[in-house]
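Below you'll find the structure, written out as structure tokens, and then a few comments.
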Amino acid sequence: MDIGEQLKRLRLAHKYSQADLALALHVSRQAVSRWENNNVYPSVTTLMDLADLYGLSLSELLKENDYQLVDHLDHAVKWERLSKWGLRIVLVLVVIGGMGASVFAYGRAHQIDVLNRVNPFLSTQISYARVPAKVPTKKEIVRSQNGKHTSQRQVPQPVDVWVPEDRFGGGEWIKVAIGMIPTKTDRYLVLEHKGSYVHRARLIKAESVPKTILPLLGEHYHAYNPAFDGPRVH
């Protein structure tokens, strides 16, 4: 029995007309007729739908036909199923990647240190900045090294420094703790950072700043002003 006869026998056994079967498979009645007359073979997907419709496996659907064809179709079905799962996995990875990229982009724009620290799209940089002549302080309770005593002290607070990246205004304002300014000559800062996350920073003198960078730092320090300076990341 050839494939066309097998498909016709199964259709009649399940009391389907060609039109009814075509409707169930979302194909035309002429397509069903061409299958049964061996003019064309159904697609792998259609054969799978037929097997499901009749409650058979694909091998059972075609068991009386060419075994090489059955084996070929079995492999094709397995490959199609694997391809579907592969596509789903790829889509999931794309969605996760897109969400991750969005999270990192949000962290970059809003200077969320914990995200910038692990952001794979950011590289660690060595940059320079100008610092204020006086660092603001705040009275805080400080515990001694042995942890037995506490006292109130004026503790230096973090300051905003402008860190330029190029000659066209690119850069960002980074909040960094620099401690007290020790001398009048130490008005510059070298910092190792990844976005807004600062690994370490150290006060330096003007002669330690590269000559190509020094003009970008300006002649005087000014604190960050949202109305004047705009967003923190340029």
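The values are calculated or read from the model by the stated rules, or taken from the named source; none is laboratory data. Only a predicted model underlies this, so the values are computations on that prediction, with no experimental measurement involved. Positions of Cβ are backbone-derived with ideal geometry, glycine not excepted, and every protein chain shown enters the neighbour counts.
Inspection of the range 134-144 identifies no residue that is more than 30 Å from residue 187 (Cβ to Cβ) and modelled with pLDDT of 90 or more. Listed by first and then second residue, the pairs with beta-carbon distance under 7 Å, at least 6 apart or on different chains, first residue in the range 146-171 and under 15 Å from residue 224 (Cα atoms), second assigned to a loop (DSSP other than H, G, I, E, B) and among the aromatic types (Phe, Trp, Tyr), are 160/224. Hey, can you tell me all the residues within the range 1-11 that are modelled with pLDDT of 90 or more and either more than 16 Å from residue 55 (Cβ to Cβ) or surrounded by fewer than 12 Cβ atoms within 10 Å (Cβ to Cβ) (or both)? Within the range 1-11, just 8 meets the criteria. Counting only residues that are among the small types (Gly, Ala, Ser) and touching a residue at least 40 places away in the same chain (Cβ under 8 Å), which one in the range 109-145 is nearest to residue 175 (Cα to Cα)? Top of the filtered list is 129.
Remark: residue 127 falls outside the filter, which requires a residue to be exposed (fewer than 14 other Cβ atoms within 10 Å of the Cβ) and polar (S, T, N, Q).
Being surrounded by fewer than 16 Cβ atoms within 10 Å (Cβ to Cβ) and at pLDDT 75 or above is the filter here, so list the residues in the range 55-68 that pass it. Of everything in the range 55-68, those that are surrounded by fewer than 16 Cβ atoms within 10 Å (Cβ to Cβ) and at pLDDT 75 or above turn out to be 55, 56, 57, 60. Within the range 157-178, the set of residues being surrounded by fewer than 15 Cβ atoms within 10 Å (Cβ to Cβ) and over 16 Å from residue 199 (Cβ atoms) comprises 157, 165, 166, 167, 168, 169, 170.
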